[in-house]
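Everything on this sheet refers to the single structure shown next.
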Amino acid sequence: MSNQNMETEETYYSNYGPQGGLASGPLKLKMTLSGERVVAAEPDVGFLHRGIEKTCEKLQWVALPSLIEKVDYLSSIHGTLALSLAVEKLMKIEISPRAQAIRLIVSELNRIASHIYFLTTMAKACGAQTASQFFLRDREKINNLFEMLTGARLMYNYVCVGGVMSDITEGFIEKTHDTIKYLKPKLKEYDDLLFNNHIFTNRLKKTGILKTSDCISHYITGPNARASGFFYDVRALSPYCGYEKYKEFLERSIKPVTQSDSLDRLQQRVLEIRQSLEILSLEIDRVPAGTYKEKLSKDGKVPKGEAYSVVESSRGLFGVYVCSSGGNVAERIKLRTPSLSLLKVVPDILKGNEVSDVPGVIASLDISVSEIDR
Amino acid sequence: MSEYLGFLKAIHLSGKSILKSIKTSVPYFIGLGDQQKEITEEYPDRVSARMPEDLPARFRGILKNDINKCSGCRACVDICPVSCIRIETEPGPEKAKSWVSVFDIDISKCTVCGLCAEACPTGSLTHSNEYEGSVYHQQQQIVSCGKGWATSEMKERWRQEQETKDLQEKERAKAQQSPLGSEFKKLLSDKKE
Amino acid sequence: MIDLQEISPFSYYISTFMSENLHPVFVLGVSLVIYFIPLFYLSVAITTYMGRKTAADVQMRIGPNRVGPFGIFQYVADTLKLFLKQDSVVNNRKAWLHLAGPVLSIAFTLMAFLSIPVADQWYLANQKWSLLHVYLLMVAAQLFLFFSAYTSGNVFGVLSSSRILVAIAGFSVPFLLSIFNIILVSGGSSFVEVLAIQGGAPWKWMLFSYPTTAISFFVMYCSLLIWQGAPPFDILDSEEEIFGGYSVEYSGSRKWFIEQLKSLQLILSCYLLTGLFLGGGHFPFNLETFGRGAQAIQSLFFSLKVFVLVFISYWIRWSLPRTRLNQVIFFSFKVLIPVSIVGFFLTTVWLALFNGKGIGNLL
Amino acid sequence: MEKELFEKIKNRFSDSKIELLNNTGIAKIYIESKDIKKILGFVSTYFEEKPFLETIIARDIDDSFSVSYIFREKTGDILTFETETNKKKPELDSIASTWPGAEVLEREIQELFGIVFDGKEYTSNMFLADQWVGKPMKKDYVFPEDFKGIEHRRNPLKKEHERP
């Protein structure tokens, strides 16, 4: 359909969301439709703005991780990890190898959990109720692991400045092995039930195309960009927490770019689940001995200065800028969140798709609204 | 021609994949192996739901305070990000340890972050495995662990106890101050010089 | 004077139990009640319960288990709850089509049941062209849903109404083609005539008696799925895309009627398939010893087949993801119609070659 | 790497005030607010590939706003530019024409700090509620008691313990 044709068509307006949408959080789309076709779609956010950056200026340094993890509640380890890395840069602390290994393990576990939750929303968006239940069942295993290790199922507050809050419990390593052993064959079952199903693949093909040029100009990172052929992985480019060992592995196992559509983004995430399982199974046996948390000064003060550090969260590059005036509280905390850069591209992606595709496309982008709003 | 062949092939493939999907759900219908096991927990019933005692040791539930160990040092109040703890202390029976008369935790505010339990120097404030915090009135969401305000009789008793203790202390000190002891000390100090 | 035996055999059957002086219209009314109460309440309840339990099974959940033993009275509790709820209506109260939509649609769907015999002489309306009549009633039921969705004043309702028209278009042609195929082999245009050439044993069913009727069965099953808007073709009321579609503005009792409608549509589809292809109420053995009770056994046998089909429908429903609008049309026009035309052609060839005999007759 | 770039910029724009700040932990190149478009435009063509704009950080310092632009090269190195704007009339040039991703970031800063980019002020809010009064990220911001009659604060629960 040509552009001229679109203008002369009669259009009507409809809201999509903020409730009932498939992004994780209240995302509202102001859609102009022509029949079943989306002519224009404007995302509207702000329903979840909690003023986290402002609140950070009132909290003590020690209490910051418990707030930052609420920025992206589906991969809360990564937020706290980025913050801890930044503050450690300011305090000039070296982290023990054991704490680093534990951090790597929890970060990969959290990535798997977040990606499996993505599969759930994706299956729900395409009406596959049963498959979505299957994914939730398997995410439960990882939640149980986290419950055992950190004491919570979603808001872990586990990574802290100087290491991690508590040491690996007895039996955690065996249980992780069991979980990896359990998840690997389950991926095959997902393939049979959903990912190879022609109804499913056909409705995702050629919908929601995210161009590589858009990824570069808007600096979209994470699985979305990797599915579009813009390989940008902080784990490989500027490794932290011992990701140096897996640099080659991550660079080697890149999925070839085909269409950069919704289906590709789904497959990229399935690939990343496999990658993370692979990394986990190697790392879980390599946890060295040592202390899990460095001793910090009792007054809870952080030396004056600025620091900025990034990690690869489940949705892309998560950065935390920290500015301290040498006191008990932070001068300024700024969060660089991956979903925010997607916001301006969403109209382009949705334009020309059908109403039936909108949930699939939105779910495949894995937008976390809590990250955008902060 | 190839177009039609491709069309037929697509139909063949989709039919095959759909049959495969339908086949995948069979073991769940007829309950083969561990596949028929329900993963839903019948929560309020004890049939299958996980109860507090089944939870891992580190589980962070509602806060509890072993008030006899608590010294009222306010470390938890200082560190709490949502300021949900209220402590009021009075001078108690012992000089070193104050009487924690009010120790209120506002469960409706608490984010269960675990920082206070980490900060507690005596280890009295811990997370229990309890997770049921729903109540009928908002006022009930405050968990009180305090010992209560000290009454005047108690204060009087503590004063008397303190006095007797002080007296005993003095007597003991006197008893220790024997003449031999003082000479011995003198000797020591002389030696040092 | 009304001749009950001619217009409504089931009423005639009922009247043999009653005194002869009663007015035939009264007898018709009584037989309607006797026919519809088990159908409308019992079968719908069983279907709903089955749907929930199968969904629970395949999704590793428990399903209803609170009201009554194994939760069998959950349906009653839901009915009570929805009827006691406030019935909130959209602003434009003039849209009576919107308000009456669910009830009218149910009424037309129920009418389609009238001419399907569940046992020998057990059908309420004796029509010569009942096969086509059922088709018209099914379209009318969907059209009333279309009107109610279109007048709901909701964007998603309007989107859903256009989808209903698409579904009617996608359902009609393959459905009619498969019906023509049956008319061709059976030589009759009513259910009674189609059932007359079938027998109780599986090899005497329509499904297996001609080589091409299996194709018709497949085509009709798929087209009925499109008509119901059941997964994988649940484009009419998909929760994620158009937030419930035609049912988005309903609450309380009207919502209950919409739920009943969905179950009734499923039951009607299975009725049609059982009556046309699976031998209806014909029992494999001779039932003469049971006298007048034979028909009751036949109807139970009929319901058993219906519920097996319902179970299979649910099985497929919970295993597949949803199709897109264009996939439905693609499937209907590019797969079902060619397949049924080929089947139609093969039937004529078969009938010409073997002088109209089925597989069973040849052997 | 910053030094090299700094020398290049200094040579090229010799008439504007450019400094290399390296005392806070992040090496920054300080530029004046009027030169943003010019110098950052040069930076975008300096490297083989245009560096990615990672984030824009605004900060409230006494009587001025400091705004830092964090760029990332393809190699993974960070490049930071800092500029200042007057608090009384905070205005800056937008870089959204070179980096399209800057648009959302600038809009967020306008909402939270009140810095106007390119003179175009949005009437509706993206993150905050519409008709929100004040710029919340300023240090002197007083949190309002209510918004359109809806109270922000809940009365804290307090249990009365009877005193003897």
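The values are calculated or read from the model by the stated rules, or taken from the named source; none is laboratory data. Keep in mind it's a predicted model, so treat the numbers as computed, not measured. Positions of Cβ are generated from backbone atoms using ideal geometry, with glycine treated the same way; all protein chains shown enter the neighbour counts.
In the range D:73-110, what count of residues is obtained for those that are farther than 15 Å from residue D:126 by Cβ and in contact with an Asp or Glu (Cβ under 7 Å, 6 or more places away or on another chain)?
The qualifying residues number 7.
Starting from the range C:66-82, keep only residues that are touching a residue at least 40 places away in the same chain (Cβ under 8 Å), then list their pairs with residues that are assigned to a helix (DSSP H, G or I) and basic (Lys, Arg) whose Cβ atoms are within a distance under 7 Å, requiring at least 6 positions of separation or different chains.
Listed pairs, sorted by first residue: C:82/C:255.
Restricting to the range B:116-128, and then to whatever is in contact with a helix residue (DSSP H, G or I) (Cβ under 7 Å, 6 or more places away or on another chain) and in contact (Cβ under 8 Å) with a residue 60 or more places away in the chain, can you tell me which residue is surrounded by the fewest Cβ atoms within 10 Å (Cβ to Cβ)?
B:126
Within the range C:243-266, is there a residue that is among the acidic types (Asp, Glu), at pLDDT below 85 and not in a loop (DSSP other than H, G, I, E, B)?
Within the range C:243-266, not a single residue is among the acidic types (Asp, Glu), at pLDDT below 85 and not in a loop (DSSP other than H, G, I, E, B).
Has the range A:275-292 got at least one residue that is touching a strand residue (DSSP E or B) at 6+ places or on another chain (Cβ under 6 Å), surrounded by fewer than 22 Cβ atoms within 10 Å (Cβ to Cβ) and basic (Lys, Arg)?
So far as the range A:275-292 goes, no, none of its residues is touching a strand residue (DSSP E or B) at 6+ places or on another chain (Cβ under 6 Å), surrounded by fewer than 22 Cβ atoms within 10 Å (Cβ to Cβ) and basic (Lys, Arg).
Tell me the residue from C:34, C:2, C:14 that is free of Cβ contacts under 8 Å to residues at least 60 places away in the same chain, away from chain A (no Cβ under 14 Å), assigned to a loop (DSSP other than H, G, I, E, B) and within 22 Å of residue C:130 (Cβ to Cβ), please.
So the residue among C:34, C:2, C:14 that is free of Cβ contacts under 8 Å to residues at least 60 places away in the same chain, away from chain A (no Cβ under 14 Å), assigned to a loop (DSSP other than H, G, I, E, B) and within 22 Å of residue C:130 (Cβ to Cβ) is C:2.
Look at residue C:231 and say whether it is assigned to a loop (DSSP other than H, G, I, E, B) and under 30 Å from residue C:282 (Cα atoms).
no
Quick one: in the range C:60-84, of everything that is among the aliphatic types (A, V, I, L, M) and out of contact with any Asp or Glu (no Cβ under 7 Å at 6 or more places or on another chain), which residue is surrounded by the fewest Cβ atoms within 10 Å (Cβ to Cβ)?
By that ranking, first place goes to C:84.
Any residue that is within 14 Å of chain A (Cβ to nearest Cβ), surrounded by 14 or more Cβ atoms within 10 Å (Cβ to Cβ) and of a type in the set (S, T, N, Q) - is there at least one of those in the range B:129-141?
yes
Just give me the residues in the range A:28-58 being within 11 Å of chain B (Cβ to nearest Cβ) and surrounded by fewer than 21 Cβ atoms within 10 Å (Cβ to Cβ), in sequence order.
Listed by number, the residues that qualify are A:55, A:58.
Yes or no, residue by residue, for (1) small (Gly, Ala, Ser); (2) more than 14 Å from chain A (Cβ to nearest Cβ); (3) part of a loop (DSSP other than H, G, I, E, B):
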| residue | (1), (2), (3) |
| --- | --- |
| C:40 | no, yes, no |
| C:57 | no, no, no |
| C:77 | yes, yes, no |
| C:103 | no, yes, no |
| C:107 | yes, yes, no |
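Being part of a helix (DSSP H, G or I), under 30 Å from residue C:348 (Cβ atoms) and either touching a Ser or Thr at 6+ places or on another chain (Cβ under 7 Å) or in contact (Cβ under 8 Å) with a residue 12 or more places away in the chain (or both) is the filter here, so list the residues in the range C:123-168 that pass it.
C:130, C:131, C:132, C:133, C:134, C:135, C:137, C:138, C:139, C:167, C:168 - these are the residues of the range C:123-168 that are part of a helix (DSSP H, G or I), under 30 Å from residue C:348 (Cβ atoms) and either touching a Ser or Thr at 6+ places or on another chain (Cβ under 7 Å) or in contact (Cβ under 8 Å) with a residue 12 or more places away in the chain (or both).
Are there any helices (runs of 4 or more DSSP H) wholly within the range A:151-263 with 2 or more residues that are within 14 Å of chain B (Cβ to nearest Cβ) and either under 30 Å from residue C:330 (Cα atoms) or of a type outside the set (D, E, K, R) (or both), and if so which?
Correct list: A:172-190, A:198-204.
Only one of C:57, C:87 is of a type outside the set (A, V, I, L, M, F, W, C), buried (at least 21 other Cβ atoms within 10 Å of the Cβ) and at pLDDT below 90; which?
Of the residues listed, the single one that is of a type outside the set (A, V, I, L, M, F, W, C), buried (at least 21 other Cβ atoms within 10 Å of the Cβ) and at pLDDT below 90 is C:57.
List pairs: first in the range D:111-134 and touching a residue at least 24 places away in the same chain (Cβ under 8 Å) and more than 9 Å from chain A (Cβ to nearest Cβ), second outside any loop (DSSP other than H, G, I, E, B) and of a type in the set (Gly, Ala, Ser), Cβ under 9 Å, 6+ apart or cross-chain?
Close Cβ pairs satisfying both conditions: D:113/D:58; D:115/D:58; D:117/D:102.
Being within 9 Å of another protein chain (Cβ to nearest Cβ), crowded, with 22+ Cβ neighbours inside 10 Å and touching a residue at least 12 places away in the same chain (Cβ under 8 Å) narrows it down to one residue among A:80, A:130; which is it?
A:130
Only residues that are free of Cβ contacts under 8 Å to residues at least 24 places away in the same chain and either in a helix (DSSP H, G or I) or more than 9 Å from every other protein chain (Cβ to nearest Cβ) (or both): list them for the range B:142-156, please.
B:152, B:153, B:154, B:155, B:156
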